[in-house]
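The values are calculated or read from the model by the stated rules, or taken from the named source; none is laboratory data. None of these values were measured; they are calculated from a predicted model. Using ideal geometry, Cβ is built from the backbone for each residue, glycine included, and neighbour counts are taken over all protein chains shown. Please note that ligands, DNA and RNA were not included when accessible areas were found on the heavy atoms of the full protein model with its side chains. Shrake-Rupley method; radii C 1.70, N 1.55, O 1.52, S 1.80 Å.
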Amino acid sequence: MDEVLISKKDLLEQTDITYGQLYRWKRKELIPEEWFIRKSTFTGQETFFPKDKMIERITRIKELKDKLSLDELAKALSPKKKNINISLKELLEQNIVSVNAASIYEEQLGELDTVTFKTSLYLYLLDKSLETGEVGWEEGKQIVQTLHDHFHKLEDKRASLIVLRKMGVVTVLLITSSDDFYVDEKTKVAVLLDVEIELETLMNSLVKGGF
């Protein structure tokens, strides 16, 4: 499905921010450059934004801007600048991931002590897959291995995690776009996660948890 876009005028009105704030946050990299989408209209070129992501991001900036400097906010909100090493115990205590997700990860890839940002994302995606009720222990291990082996190839692109099931056989996919994704009628899409959306949610949980 195509993203719902919102015009700059409507965004400023709906979020109650100024033009200056919007572009100051852009310069500070609190809002990604690629979210500023130029489109032709009957009045000329106008700027649009992915509505849900922008409103969520601006809401978070407004919540945190009185507690953190803009530079600190940029580090908190940008996964590429996020350099965390937290204990698995802290991650579990904050309910960011489940014990089951951690156990599956450790059985497949080895014991976790400290958790990096990338590992926390893998755990989070695994946990979201388990929450669907469509993924069991062995399928979870496949998800972990696929993320570990291939995610680095797609981390600069818009990616989706997909789990397919056909006649008891599970296939785990990482693809760069799920907009035009089709399967035959005997194949069930057990899991379909937009990695960027899940990453935003994870970042929000980490920021709220003080990481």
Classify the chain: rounded, prolate or oblate, from the alpha-carbon gyration tensor (a ≥ b ≥ c, eigenvalue square roots; a/c under 1.5 rounded; otherwise prolate if a/b is larger than b/c)? oblate
State the answer as a single residue: which of L193, Y105, H152 lies farthest towards the positive end of the charge dipole of the chain, with beta carbon charges of +1 for Lys and Arg and -1 for Asp and Glu, about the Cα centre. H152
Protein accessible area in the chain, 1.4 Å probe - carbon and sulfur %: 47 percent
Degrees between helix 99-109 axis and first principal axis of the chain (Cα, 0 to 90, nearest 10): 70 degrees
When the charge dipole of the chain is computed with +1 at the Cβ of Lys and Arg and -1 at the Cβ of Asp and Glu, the Cα pointing farthest to the positive end, of V163, S40, M54, is that of S40
Applying the gyration tensor rule to the Cα atoms of the stretch 119-193 (axes a ≥ b ≥ c; rounded if a/c under 1.5, else prolate if a/b exceeds b/c, else oblate), the class is oblate
FRET efficiency (Y23, K153; Cβ distance; R0 41 Å; to 0.05) is 0.80
For Q142 paired with E106, estimate the spin-label separation in nm (one decimal), with each label point 7 Å from Cα along the Cα-to-Cβ line. 2.5 nm
If you line up the long axis of helix 51-64 against the longest principal axis of the chain, both from Cα atoms, how many degrees apart are they, to the nearest 10? 80 degrees
Grab the DSSP H runs of the chain that are 4 residues or longer, score each as -39,500 (n - 2.57), total them, divide by all residues and round the 222 nm result to the nearest 500 deg cm²/dmol. -14000 deg cm²/dmol
For the chain, with +1 on Lys and Arg beta carbons and -1 on Asp and Glu, the positive-most of I31, L88, T114 along the dipole: I31
Could you grab the relative contact order for the chain? Cα pairs under 8 Å, six or more apart, rounded to a whole percent. 16 percent
Mind scanning K118/K166; K8/K53; K141/K188; K26/K53; K28/K67; K51/K186 and naming the pairs with a C-alpha gap bigger than 25 Å? K118/K166; K51/K186
Report the extension gain between D16 and S69 in nm, rounded to one decimal, defined as 0.36 nm multiplied by the number of residues separating them, less their alpha carbon distance. 17.1 nm
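Could you give the size of the charge dipole of the chain about its Cα centre, using +1 on the Cβ of each K and R and -1 on the Cβ of each D and E, expressed in debye and rounded to the nearest 20?
Working: 31 positive and 37 negative charges, 168 e Å.
My answer is approximately 800 debye.
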Could you give the length gained on full extension between E3 and E185, defined as 0.36 nm per residue of separation minus the Cα-Cα distance, in nm? 62.9 nm
If you put +1 on each Lys and Arg Cβ and -1 on each Asp and Glu Cβ, how big is the dipole of the stretch 1-67 around its Cα centre, in Debye rounded to 20? 340 debye
